[in-house]
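The values are calculated or read from the model by the stated rules, or taken from the named source; none is laboratory data. All of these numbers come straight from a predicted model, not from anything done at the bench. Heads up, the Cβs are rebuilt from the backbone with ideal geometry, glycines too, and the neighbour counts pull from every protein chain shown.
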């Protein structure tokens, strides 16, 4: 397996506090990697660092072989990002969102249209492709935002709380999308509070607390480390020790 995300002592300090402290981990191709932690632990800041929205104070990372600091534009071309706030334009349709963002990535027009149609079909949005997203439910908006992140077919996908507040059916659709593209060899990193989701989707999990990684491993490895059976109990033990 090849590491498509390689974090090396990634650190982000603000004037008042350290948000991410010496964080190191890797995510391989064909792997779903979960980032779990309490509120304020550093999950979203880590995601923002990897997506080049923030510049690290020290340390670095490589995405698909490109250095975060030296090659930020190539990093951006190699990632798809689903942020906490979808940031969709209510007056645009799903198809218009995909075409617009595909053009920003300089995709050829014929490739872009074919890719848009394929993604809308996969997420079962083809019948609403020309409806303004301002009329959509939260779950449908999240689907559009996920497709937008993946329109340029990046090798790495960063998903921040992808199913937060969604109904069961919408969450299942997003899980199916993640599973589909894991099989294509993508590296998918998910930040979540949902222990069931993490245990279902993730090949490996990192638990972050007070800005530092306290454990990384498969669920089985974390079970052996803590002598706990379920992921929630594992999580509680690791963040309260």
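Computed values, structure above
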| item | result |
| --- | --- |
| Tally of residues being over 19 Å from residue 178 (Cα atoms), at pLDDT 95 or above and out of contact with any helix residue (DSSP H, G or I) (no Cβ under 8 Å at 6 or more places or on another chain) across region 19-42 | 4 |
| Strands (runs of 3 or more DSSP E) contained entirely in region 15-68, each with at least 3 residues that are in the same structural domain as residue 197 (by TED's automatic domain parsing), more than 23 Å from residue 85 (Cβ to Cβ) and in contact (Cβ under 8 Å) with a residue 40 or more places away in the chain | 18-28, 58-63 |
| Tabulated pairs, region 220-236, first in contact (Cβ under 8 Å) with a residue 40 or more places away in the chain, second outside any helix (DSSP H, G or I), C-beta under 7 angstrom, 6+ apart or interchain | 235/36; 235/207 |
| Selection count, region 182-199, where residues are in a helix (DSSP H, G or I) and touching a helix residue (DSSP H, G or I) at 6+ places or on another chain (Cβ under 7 Å) | 3 |
| Verdict on residue 188 being buried (at least 21 other Cβ atoms within 10 Å of the Cβ), within 20 Å of the chain's Cα centre (by Cα) and in contact (Cβ under 8 Å) with a residue 12 or more places away in the chain | yes |
| Flag if residue 65 is surrounded by fewer than 19 Cβ atoms within 10 Å (Cβ to Cβ) and under 21 Å from residue 194 (Cα atoms) | no |
| The one condition in (1) touching a helix residue (DSSP H, G or I) at 6+ places or on another chain (Cβ under 9 Å); (2) in a helix (DSSP H, G or I); (3) exposed (fewer than 15 other Cβ atoms within 10 Å of the Cβ) that residue 220 fails to fulfil | (1) |
| Test set (1) farther than 23 Å from residue 44 by Cβ; (2) crowded, with 19+ Cβ neighbours inside 10 Å - residue 179 fails condition number | (2) |
| Region 153-178 - residue that is part of a loop (DSSP other than H, G, I, E, B) and under 18 Å from residue 125 (Cβ atoms) and, of those, modelled with the highest pLDDT | 153 |
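Per-residue answers, yes or no, for (1) in a helix (DSSP H, G or I); (2) more than 22 Å from the chain's Cα centre (by Cα):
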| site | (1), (2) |
| --- | --- |
| 75 | yes, no |
| 81 | no, no |
| 87 | no, no |
| 90 | no, yes |
| 101 | yes, no |
| 110 | yes, yes |
| 113 | yes, yes |
| 120 | yes, no |
| 124 | no, no |
